[in-house]
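See structure below.
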Amino acid sequence: MASSHAHSPSEPRYSLPGDDKLVAEHLSDHDAAAPIATPGHAPGTKLVPPPLVREMSAEQRAEAEARLRRKIDTRLLPMIIFMYIMNYLDRNNIAAVRLAGLQDELNLASWQYQTTVSILFVGYILMQIPSNLFLNKIGLPAVYLPSCMIVWGIISGATAGCQTFGGLLAIRFFLGFVEAAYFPGCLFYLSAWYTRKELGLRTAILYSGSLVSGAFGGLITAGITENMDGARGLRAWRWVFIIEGAITVVVAFTSFFILPNFPRTTKWLTEEERQLAVWRLQEDIGEDDWVNSEEQSFFHGMKLAFLDIKTWILMVMLLGIVSSASVTNFFPTVVKTLGYNNVKTLLLTAPPYVLAVITTFLNAWHADRTGERYLHVVLPLCVGVAAFILAAATTGTAPRYVAMMLMVPGVYTGYVVTLAWISNSIPRPPAKRAAALAAINAVSNASSIYASYMYPQQKGVTHPNLVTPLAVDSATAVLAIIMATILRLVLARLNKKLDRGEHVEGAINAVPEEASEHGFRFLL
């Protein structure tokens, strides 16, 4: 796959903002009457679609766009979901294998086990921004993401060979270092294919991979624990890493033949589809997206991201949500407090994740349908806060499990809408969006470093006291609600400036007399 789209002599030439040479060719070849808006132009300019899109009627455009969406969805979404299931499973299966003999066989103290969990996020945080900027620079997600997946699959499988605390610590660090490429890379990847009002549902579909892995990771570990413990002289936890690591490598090799790169560089799009795929994103935002690797800058994108106050607000907001979601990193430990044996405990971890998949899809679908973001983030978090309080305040089995059923949906239902809200709020240029997505996701995962130490499990203690971690999770969810409120106020103020025809960085600046009716608006 080429890193940038090159026209053959017989192909139609068309222009898009951000490429002055093509603009000149377009004006001479097609005698476009209206001026073409380029990023940074003053109000008064208008956007002109490429020729094959301009020739479509409204009905033809709607039909062509529906076909294009279906084509993109079919080629892109199933593969990245399956990849994310393995990404999340390989990262978080250590919570389940704790109950499958890992802690006992390696003779790990509680603090040592917690350190092996937290060290992954050190590597995970360090690599996210460089990885996303590199991905944006080369423009080859269909090569880069599967390559990283092969490496982390091998590392994950090698965990089965660990014999000491030090070995486990080292391998978990490098696993996080390589896995860091995938999730922020996928968020950026999706935002290069879908418009703002399509992104919420697609982000939810992607994130369903983590929820599915949470639901079935415990079931898989339960099955291996029940049937393979001691097979060929290996404990069940070692078989978990071997089997899941091997599956990861197979999935990665398969994805090389399925995933596309960016709209401009995808061979299986027709010329009409390519023009429409690029144009609809430009029309949605008012500025061109990824053009070629030469136009991408590592440090300029990072500078733009960190100078934008929205980046910092979203950073604290995501930090609060992910910190409150740290309960899921130790969910088998939490469910174990109900007093059931290990296999039943692992089975009981599945229903909360199944419910979370359902609520996440419904919430994201409605958020995209209405174009509303704030309430779709805040209301689920309120349910999460109530669930944490209930779990901390009661010792009864039934109410505690009800609280556990609501914890996972309460945190993740709004989380996926928040992920889409990042791209909605910091849409262009792509280097800035890539840096912002990676920085926000990296900082949010910093919470996993300290959260690892909030869920102790001393040997012989079947009912650890979880009041403190649940209280912290509740408080950080409240912090996220506060930051979401601040973000909404900031975006509403920027939209009012756009209504008045005033310039706003990162947004299309409409013709003044049409400012209240046309042009980009931040989603609230």
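In this structure, is residue 167 in contact with a helix residue (DSSP H, G or I) (Cβ under 9 Å, 6 or more places away or on another chain), surrounded by fewer than 19 Cβ atoms within 10 Å (Cβ to Cβ) and in a helix (DSSP H, G or I)? It is true that residue 167 is in contact with a helix residue (DSSP H, G or I) (Cβ under 9 Å, 6 or more places away or on another chain), surrounded by fewer than 19 Cβ atoms within 10 Å (Cβ to Cβ) and in a helix (DSSP H, G or I).
Looking across the range 212-245, just one residue is over 19 Å from residue 329 (Cβ atoms) and within 24 Å of the chain's Cα centre (by Cα), and that is 245.
Among the residues of the range 92-116, those identified as modelled with pLDDT of 85 or more and β-branched (Val, Ile, Thr) are 115, 116.
Looking at 306, 299, just one residue is part of a helix (DSSP H, G or I), at pLDDT below 75, of a type in the set (Phe, Trp, Tyr) and open to solvent by 10 Å² or more (accessible area, probe 1.4 Å), and that residue is 299.
One line per residue, one yes/no per condition, for (1) more than 18 Å from the chain's Cα centre (by Cα); (2) aliphatic (A, V, I, L, M):
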| residue | (1), (2) |
| --- | --- |
| 352 | yes, no |
| 357 | no, yes |
| 361 | no, no |
| 371 | yes, no |
| 377 | no, yes |
| 387 | yes, yes |
| 391 | yes, yes |
| 398 | yes, yes |
| 402 | yes, yes |
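Just give me the residues in the range 340-359 being over 15 Å from residue 407 (Cα atoms) and open to solvent by 50 Å² or more (accessible area, probe 1.4 Å), in sequence order.
Filtering the range 340-359 for residues over 15 Å from residue 407 (Cα atoms) gives 340-347.
Answer for the range 340-359, where residues must be over 15 Å from residue 407 (Cα atoms) and open to solvent by 50 Å² or more (accessible area, probe 1.4 Å): 340, 341, 342, 344, 347.
Set side by side, the residues 487, 494 differ, and just one is of a type in the set (A, V, I, L, M, F, W, C), open to solvent by 20 Å² or more (accessible area, probe 1.4 Å), at pLDDT 75 or above and more than 27 Å from residue 336 (Cβ to Cβ), which is 494. If you go through the range 362-381 and keep only what is in contact with a helix residue (DSSP H, G or I) (Cβ under 7 Å, 6 or more places away or on another chain) and open to solvent by less than 70 Å² (accessible area, probe 1.4 Å), you end up with 363, 364, 367, 368, 371, 373, 374, 376, 377, 378, 380, 381. Restricting attention to the range 127-147, the residues that are outside any helix (DSSP H, G or I) and either without any contact (Cβ under 8 Å) to a residue 12 or more places away in the chain or crowded, with 22+ Cβ neighbours inside 10 Å (or both) add up to 1. The C-beta contact set for the range 202-225 (first residue open to solvent by 10 Å² or more (accessible area, probe 1.4 Å), second residue outside any helix (DSSP H, G or I), distance under 6 angstrom, 6+ apart or interchain) comprises 202/194.
Filter the range 202-216 for residues that are of a type in the set (A, V, I, L, M) and within 14 Å of residue 95 (Cβ to Cβ) and give the result.
From the range 202-216, those of a type in the set (A, V, I, L, M) are 204-206, 211-212, 215; that's our starting set.
The answer is 215, and nothing else.
Scanning the range 117-143 for residues that are over 17 Å from the mean Cα position of the chain (by Cα) and not hydrophobic (A, V, I, L, M, F, W, C) yields a count of 4.
Of the listed requirements (1) among the small types (Gly, Ala, Ser); (2) out of contact with any Gly (no Cβ under 7 Å at 6 or more places or on another chain); (3) on the phi < 0 side of the Ramachandran plot; (4) touching a residue at least 24 places away in the same chain (Cβ under 8 Å), residue 396 misses just one: (4).
Test residue 466 against the criterion of being at pLDDT below 80 and buried (at least 21 other Cβ atoms within 10 Å of the Cβ), and give yes or no. Spell out how you get there, then give the answer.
Working: at pLDDT below 80: yes; buried (at least 21 other Cβ atoms within 10 Å of the Cβ): yes.
When the stated conditions are applied, residue 466 passes them.
If you take the residues of the range 228-243 that are assigned to a helix (DSSP H, G or I) and touching a residue at least 60 places away in the same chain (Cβ under 8 Å), which of them is most open to solvent (accessible area, probe 1.4 Å)? If we take residues in the range 228-243 being assigned to a helix (DSSP H, G or I) and touching a residue at least 60 places away in the same chain (Cβ under 8 Å), then 242 is most open to solvent (accessible area, probe 1.4 Å). Within the range 372-390, is there a residue that is assigned to a helix (DSSP H, G or I) and charged (D, E, K, R)? No - not one qualifying residue is present in the range 372-390.
How about the range 75-126: which of its residues are touching a Lys or Arg at 6+ places or on another chain (Cβ under 6 Å), open to solvent by less than 20 Å² (accessible area, probe 1.4 Å) and not small (Gly, Ala, Ser)? Full working, then the answer.
Residues of the range 75-126 touching a Lys or Arg at 6+ places or on another chain (Cβ under 6 Å): 101, 105, 116, 119-120.
Now narrow it down to the ones that are open to solvent by less than 20 Å² (accessible area, probe 1.4 Å): 101, 116, 120.
Answer for the range 75-126, where residues must be touching a Lys or Arg at 6+ places or on another chain (Cβ under 6 Å), open to solvent by less than 20 Å² (accessible area, probe 1.4 Å) and not small (Gly, Ala, Ser): 116, 120.
The values are calculated or read from the model by the stated rules, or taken from the named source; none is laboratory data. Computed from a prediction, not measured in an experiment: that's the story for all the values here. Note that we place each Cβ from the backbone using ideal geometry, even for glycine, and neighbour counts take in every protein chain shown. Just so you know, the surface numbers come from the protein's heavy atoms only, side chains and all, with ligands and any DNA or RNA stripped out. Shrake-Rupley method; radii C 1.70, N 1.55, O 1.52, S 1.80 Å.
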